[in-house]
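Asks: Please see the structure below; I have some questions.
The values are calculated or read from the model by the stated rules, or taken from the named source; none is laboratory data. Keep in mind the model is a prediction, meaning the values are calculated, not measured. Quick reminder, even Gly has a Cβ in these numbers, built from the backbone with ideal geometry, and neighbours come from all protein chains shown. Surface areas here come from the heavy atoms of the whole protein model, side chains and all, with no ligands, DNA or RNA. Shrake-Rupley method; radii C 1.70, N 1.55, O 1.52, S 1.80 Å.
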Amino acid sequence: MIKKILMAGVAAMSLLTAHADEGMWMLNKIDQRTADVMKELGLQLTPRELYNPEGVSLKDAVVDFGDFCSGVVVSPEGLVFTNHHCGFGAIQQLSTPEDDILKNGFVARSKEQERPVEGLFVRFLDRTEDCTGRVMRAMNGLEPTKLDSVMQAVEKEYSKAYPDHYVLVKNYFNANAFYVSLYKTYTDIRLVFTAPETVGKFGGDTDNWMWPRQTCDFSVFRIYENNQPLKSKRYARISLDGYQPGDYCMTIGYPGSTSRYLSSWGIDQRINARNVSTIQVRGLKQDVWKKHMEADRNVGIKYASKYASSSNYWKNSIGMNKAINDLQVIAEKQELEGNIRRWYQSKPELKRRFGQMLPELEKDYNAIFRQVKALGFFSETFLRGIEIYRPATMLAGLPADADSAEVKRVQERLQAFFKDYDQATDQEVMGVLLENYRRQVDAAYLPDLYKELDGRFKGDCKAYAKHIFQNTVILKEDAVERLLADSTLLDKDPAFVYAQSVKNMVAEANSRGVRERENIDYNEHLLTQAILERDQETPHYSDANFSMRLSYGYVQDYTNQGTHYDYFTTSKSLLDKAAKQQEIPDYELEQHIIDLLQTRDFGRYADKHTGDLNLCFLSNNDITGGNSGSPMFNGRGELIGLAFDGNWEAMSGDISFDADLQRCIGVDIRYVLFMIDRWGKAENLIREMGL
């Protein structure tokens with residue numbers, strides 16, 4: 001069966017064409033029809049100039065930034081632009097209360113002043129090759145559960161042939177096709193420039209996922225090789241010409257994850273079983289974090305990146321649930337499934353292959369709904385919420401040999417953890433979240449720790465948390481030395497007992513619903529295959545999986561519920577919001593930046609049509625998480641902006657694309673350069689970019 005499915009998936013891929021505004025397309029699969037559509041929209045480059053594994057092409061200017069964002073090389077010496085929120089963790093890592101570059105910004109006026117970022121890397125895609133045949137042959141006669149091991153075996157084969165590459169095999173179209181990508185990795189990455197936090201994340205949670213925006217969401221890094229700036233294979237030329245409605249716009253980057261082939265029952269589970277826990281638990285956790293962050297700048301720096309990441313997906317989940325309901329996405333998917341059902345019932349062979357697919361999906365999703373919801377609350381509470389679990393599990397497996405390499409690795413991991421950790425904050429989070437968790441789930445999903453909590457502490461979660469944090473050895477500076485001297489300390493350590501209870505619950509939870517989850521995966525895979533097979537003449541693209549994709553369309557405004565939204569913002573709108581900063585703290589902006597903008601001396605960065613400094617703009621490009629930092633190119637392949645967000649009205653986009661509403665929000669490259677030039681006075685960078 002899997003052989004037949006894989007072959008049909010490959011056949012479907014060969015028929016792909018492209019919509020102007022929807023789709024995350026593989027650069028190595030651009031056929032002539034797709035190229036013709038892009039050309040009609042205004043692209044002046046050929047497919048070979050976009051992707052050429054045997055030579056140099058535009059894809060060689062685009063990077064996977066740390067496996068969580070995208071970026072673009074903009075100079076011959078490895079200078080990289082990405083979003084401020086993509087560089088946020090690195091900026092926070094390099095900040096201290098005494099040298100608060102997160103708050104004040106940072107400018108390296110020479111390469112000697114650039115600051116190395118420990119643990120950060122970038123990858124360049126060398127090539128992507130179809131390995132469907134290899135995977136299919138290896139899977140012949142094997143159970144679908146063996147797929148991951150087969151993909152890993154293919155990776156090992158390629159790694160032997162390309163020892164200087166990072167090799168990754170991924171599935172496409174819900175495991176209906178397989179491709180291997182080869183990357184060159186660089187691990188010496190240094191911070192070059194960042195604007196103050198008030199500029200780089202202007203609007204904060206208030207404006208996140210909203211339009212209009214005025215955020216100058218960028219940061220600048222440099223790639224080094226052998227302690228020298230990288231000699232760029234290709235870099236993006238920058239355009240100061242701006243854009244008009246209908247102008248060609250293209251993103252190339254690494255979109256993370258979409259679920260556009262997901263069944264109606266899967267969508268229902270996503271919003272009503274998973275997202276509810278993200279929304280509810282993170283809201284409580286973030287309230288505690290924010291209180292401590294505002295009270296102590298040291299805590300504010302430690303938790304800045306964690307808070308930004310948590311709140312981003314928190315608000316994303318809120319917006320997704322609202323948009324899915326407002327746009328009736330589940331009803332649309334149910335209509336599609338009805339059409340699929342009528343299609344496969346029309347022929348005996350189709351009915352034999354697909355006849356049980358939809359009934360099985362309904363049955364299995366219903367069977368695990370309450371479990372998935374409870375486990376969402378469990379994960380958000382114990383694995384993503386209360387932080388002390390992490391150092392407890394690190395120390396639990398500490399070997400007895402003090403000189404072993406594993407002890408050193410544990411020490412390094414603990415050091416990294418405690419750099420961004422505050423005990424008082426976590427203690428309060430524990431008390432709040434333990435009480436909340438009890439109210440949200442059935443008793444069957446309560447870890448054993450609640451027996452002690454309810455007995456010895458009479459249900460007082462704050463008292464239980466205080467006991468743990470005051471009496472554990474885990475939070476002591478010399479914890480490793482103490483445990484190496486006496487490993488029995490962990491046996492009765494309250495934090496370790498707590499962590500072991502959580503760990504036991506994880507194991508128990510993972511043992512539940514295994515058959516249903518496997519069936520769901522298989523039948524979702526079948527549903528994708530049915531869609532591809534039924535609609536072979538309709539363009540289809542694979543869900544995002546953090547592989548390089550191209551999205552193309554044009555600059556465009558939009559209208560929602562009678563309200564029209566223009567396609568760009570200017571400095572005036574930023575100053576208008578900054579005037580409200582006393583009532584809306586997320587609109588805080590330093591006076592010297594306000595003064596800079598009020599001079600209206602924008603020079604060559606001013607838009608020739610508005611005479612103002614354009615800040616952000618809209619296109620109908622199809623993006624998702626991971627696309628942050630993706631270059632936005634015009635028809636000549638020149639850089640006009642950096643993608644950083646989507647709009648609130650279409651937050652269902654990861655599941656269903658709405659061409660009328662879904663927009664990509666980008667920061668205008670002229671705003672970026674204005675900040676580098678006029679605020680940062682970094683003439684060295686302006687010259688390096690050939691400007």
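Asks: Over the Cα atoms of the stretch 79-201, what is the Rg over Rh ratio if Rh follows Kirkwood?
Replies: With Rh from the inverse mean 1/r over Cα pairs, Rg/Rh is 1.17.
Asks: While we're on this one: Under a point spin-label approximation (7 Å from Cα along Cα-to-Cβ), what is the Leu350-Asp660 distance to one decimal in nm?
Replies: 2.9 nm
Asks: With a 1.4 Å probe and all protein chains in place, put Glu508, Glu428, Glu332 in order of accessible area, largest first. Intermediate values should be presented prior to the final figure.
Replies: Details: Glu508 80, Glu428 60, Glu332 105 Å².
Heavy-atom accessible area, descending, gives Glu332, Glu508, Glu428.
Asks: Over the alpha carbons of the stretch 581-659, what is the largest minus smallest coordinate on each principal axis, giving the biggest first in Å?
Replies: Cα extents, longest axis first: 43, 40, 21 Å.
Asks: What is the magnitude of the charge dipole of the chain about its Cα centre, with +1 placed on the Cβ of each Lys and Arg, -1 on the Cβ of each Asp and Glu, and no other charges, expressed in debye to the nearest 20? Before the final figure, lay out the partial values.
Replies: On the way: 84 positive and 98 negative charges, 225 e Å.
The calculation lands at about 1080 debye.
Asks: Where does the charge balance sit around His467 when Lys and Arg score +1, Asp and Glu -1, over other residues with C-beta under 13 Å from its C-beta? Display every interim value, and only then the final one.
Replies: Details: positive: Arg456, Lys458, Lys462, Lys466, Lys492; negative: Glu452, Asp460, Asp493.
Net charge in that neighbourhood comes out at +2.
Asks: Another question, then. Once you have the Cα-Cα distance between Leu575 and His609, take 0.36 nm times their residue separation minus that, and quote the gain in nm to one decimal. Please report the intermediate quantities before stating the final value.
Replies: Numbers: separation 34, 0.36 × 34 = 12.24 nm, distance 1.98 nm.
Going from the current span to full extension adds 10.3 nm.
Asks: Taking the Cα atoms of the chain, what is the range of coordinates along each of the three principal axes, in descending order and whole Å?
Replies: Projected onto its principal axes, the Cα set of the chain covers 73, 71, 56 Å.
Asks: I'd like to check one number: the per residue accessible area of the chain, probe 1.4 Å, reported in Å² as a whole number. Walk me through the numbers before you get to the answer.
Replies: Details: 28880 Å² over 691 residues.
Each residue of the chain exposes 42 Å² on average to a 1.4 Å probe.
Asks: Also, quick follow-up: Restricting the calculation to Cα positions, tell me the Rg (one decimal) and the Dmax (whole number) of the stretch 185-293 in Å.
Replies: Cα only, the stretch 185-293: 20.2, 53 Å (Rg, Dmax).
Asks: At a Förster distance of 30 Å, what's the computed FRET efficiency of Glu508 paired with Thr145, Cβ-Cβ distance as r, to 0.05?
Replies: On the way: r = 21 Å, r/R0 = 0.70.
My answer for the efficiency is 0.90.
Asks: Measuring from the lowest to the highest alpha carbon on each principal axis, how far does the stretch 269-387 reach, largest first, in angstroms?
Replies: 69, 27, 18
Asks: On to the next question. If a/c stays under 1.5 just call it rounded; otherwise compare a/b with b/c (prolate if a/b is bigger, oblate if not). Do that for the stretch 502-557, with a ≥ b ≥ c from the square roots of the Cα gyration tensor eigenvalues. Spell out each step's value before the answer.
Replies: Working: a/c = 4.16, a/b = 1.76, b/c = 2.36.
Taking the square roots of the gyration eigenvalues as a ≥ b ≥ c, the stretch 502-557 is oblate.
Asks: Something else now. Val56 versus Asp535, label points 7 Å from Cα toward the beta carbon: distance in nm?
Replies: It is 4.1 nm.
Asks: What 222 nm value per residue comes from the helices of the chain, counting each DSSP H run with n ≥ 4 as -39,500 (n - 2.57) and dividing by all residues, nearest 500 deg cm²/dmol?
Replies: So the helix-based figure for the chain works out to -13500 deg cm²/dmol.
Asks: Using a basic spin-label model with each label point 7 Å from the Cα along Cα→Cβ, how many nm lie between Gln411 and Glu40?
Replies: With each label placed 7 Å out from Cα toward Cβ, I get 6.6 nm.
Asks: Work out the FRET efficiency for Arg456 and Ala485 from their Cβ-Cβ distance, taking R0 = 22 Å, and round it to the nearest 0.05. The partial results should precede the final answer.
Replies: On the way: r = 28 Å, r/R0 = 1.29.
E between Arg456 and Ala485, to the nearest 0.05, is 0.20.
Asks: Additional query: Given R₀ = 30 Å, FRET efficiency for Tyr162-Arg48 by Cβ-Cβ distance, to 0.05?
Replies: 0.85
Asks: Next question, about the same structure. How many percent of the accessible area of the chain is carbon or sulfur, using a 1.4 Å probe? Mind showing how you got there, number by number?
Replies: Details: 13730 of 28880 Å².
In the chain, the share of accessible area belonging to carbon and sulfur is 48 percent.
Asks: Could I ask something else about it? Starting from the Cα gyration tensor of the stretch 202-355, multiply each eigenvalue by 5, take the square root, and state the resulting semi-axes largest first in whole Å. Each step should come with its number before you reach the end.
Replies: Working: eigenvalues 305, 156, 62 Å².
After diagonalising the Cα gyration tensor, the semi-axes are 39, 28, 18 Å.
Asks: Classify the stretch 451-511 as rounded, prolate or oblate, taking a ≥ b ≥ c as the square roots of the eigenvalues of its Cα gyration tensor: rounded when a/c is under 1.5, otherwise prolate if a/b is larger than b/c and oblate if not. Write down the numbers at each step before the final one.
Replies: Numbers: a/c = 2.52, a/b = 1.27, b/c = 1.98.
The shape class here is oblate.
Asks: Sorted by packing (mean other beta-carbon atoms within 10 Å per residue), highest first, where do 644-651, 446-453 land?
Replies: Values: 644-651: 24.0, 446-453: 17.8.
Final packing ranking: 644-651, 446-453.
Asks: Moving to a separate point now. Expected output is a single nm value to one decimal: the length gained when fully extending between Asn298 and Asp601, i.e. 0.36 nm times separation in residues minus the C-alpha distance. What is it?
Replies: On the way: separation 303, 0.36 × 303 = 109.08 nm, distance 3.66 nm.
Gain on stretching Asn298 to Asp601: 105.4 nm.
Asks: Order these peptides, 290-299, 658-667, by their mean beta-carbon neighbour count within 10 angstrom, highest first. Provide the component values of the computation, followed by the final result.
Replies: Numbers: 290-299: 15.0, 658-667: 22.7.
The densest-packed peptide leads the list: 658-667, 290-299.
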